[in-house]
Amino acid sequence: MSVVLRVMSKIKNLIRTAGLLLGVARRSRFPAKMSNDPLRSTVCFVLGNGPSLNTDINEELEIFRMGDIFCVNDFAETDLYENIQPKHYVFADPCYWLPALPEHLISSRNHLYGKILNKTSWPLTIYVPFEAQGFFEGIVAHDKNISLSFYNTTAFDGKKIIANKLYDLGLCMPTPQNVLIPALFLSLRLGYKKIILLGADHSWHETLALDDANRVCVKDKHFYNEDAKLTPWSMDGTEENIWTMDAIFHALGRMFEGYWKIDEYTKHLGAQIYNASSVTYIDAFKRMSFSDIGKELTQCVGKER
């Protein structure tokens, strides 16, 4: 009887895997366009916008000369954008391109894109999901410094050996619950072997509270607005679609699980991600203090030479 049950279990797993693969095939576009520029170094920094970024770098910007830089979301609104001149810029949230959004969100993102176009005087690649291709092509069509690259956001939650092959092909990735997941994934796909993560606090849960109307509120703090006020946490920028507490913690769980999937893929590629954020809740990656980054990267650069 146990043999029959094992066989039935294997058949169910095969059917499930086949269904997942079919879903990947339906939703993915191939090939995903990646940058063809050669890497000047196998080292890169992936910068989140968490409050700890200010404290950690403390204007010690020389460290960023040791590798290429990925930034995300509203980073171009800050002076740091021009000071360190990132090579890669990643967007993942549909709020950055969907047309049916509240006016204040559309105004905010238009202001951001104006900053990117006006500030960027160096070669920059912007990475967006395929679904945002037409929107971003319209924005940067005539800018000589900015190029676009497109990626699949299809999630695959199957066997690791199958997932890694699909990741290698750029057909899917771990669930992109937070923009840092595609940023890290793309850095690996481009061939970086030493990846330093900064500004990855992920501490929203520390600020959660209910207001008198029983709405879930949060202080959405970043390194450029650490004095953020407690406001209802909206799913889409409207007051109608406020997160519920269970949905928030479910989404956070999927996000942290995604980092463990990234860690598995990192091992598959023989790379290493270091989390150098002094404040962080990401437990998937090896920790490193900011003061040790220079030493680690000097050794890495020395080996490359």
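Structural remarks
- Among residues of segment 81-96, those that are assigned to a helix (DSSP H, G or I) and touching a residue at least 24 places away in the same chain (Cβ under 8 Å), counted: 5
- When segment 151-188 is limited to residues that are among the charged types (D, E, K, R) and either touching an Asp or Glu at 6+ places or on another chain (Cβ under 8 Å) or modelled with pLDDT under 90 (or both), the one that is farthest from Val72 (Cα to Cα) turns out to be Lys159.
- With respect to the conditions (1) modelled with pLDDT of 95 or more; (2) surrounded by fewer than 18 Cβ atoms within 10 Å (Cβ to Cβ), Ala276 falls short on a single one, namely (2).
- Annotation note: of Leu171, Leu188, Leu166, the sole residue that is outside any helix (DSSP H, G or I), touching a residue at least 60 places away in the same chain (Cβ under 8 Å) and of a type in the set (A, V, I, L, M) is Leu171.
- Neighbours by Cβ (under 8 Å, 6+ apart or cross-chain): first from segment 227-239, at negative phi; second among the basic types (Lys, Arg) and at pLDDT below 90: none
- On the stretch given as segment 69-79, residues that are buried (at least 23 other Cβ atoms within 10 Å of the Cβ) and either touching a residue at least 60 places away in the same chain (Cβ under 8 Å) or part of a helix (DSSP H, G or I) (or both) total 3.
- Scanning segment 205-253 for residues that are assigned to a helix (DSSP H, G or I) and either aliphatic (A, V, I, L, M) or more than 30 Å from Thr55 (Cα to Cα) (or both) gives Met245, Asp246, Ala247, Ile248, Ala251, Leu252.
- Test for Asn225: is it modelled with pLDDT under 95, in contact with a strand residue (DSSP E or B) (Cβ under 9 Å, 6 or more places away or on another chain) and not charged (D, E, K, R): no
- All positions within segment 85-106 that are out of contact with any strand residue (DSSP E or B) (no Cβ under 6 Å at 6 or more places or on another chain) and closer than 24 Å to Ile273 by Cα: Gln85, Ala92, Asp93
- Leu208 vs. criteria in contact (Cβ under 8 Å) with a residue 40 or more places away in the chain and either surrounded by 23 or more Cβ atoms within 10 Å (Cβ to Cβ) or within 19 Å of the chain's Cα centre (by Cα) (or both): no
The values are calculated or read from the model by the stated rules, or taken from the named source; none is laboratory data. Small disclaimer: the values here were computed from a predicted structure and weren't measured. Glycine gets a Cβ as well: all are built from the backbone with ideal geometry, and neighbour counts include every protein chain shown.
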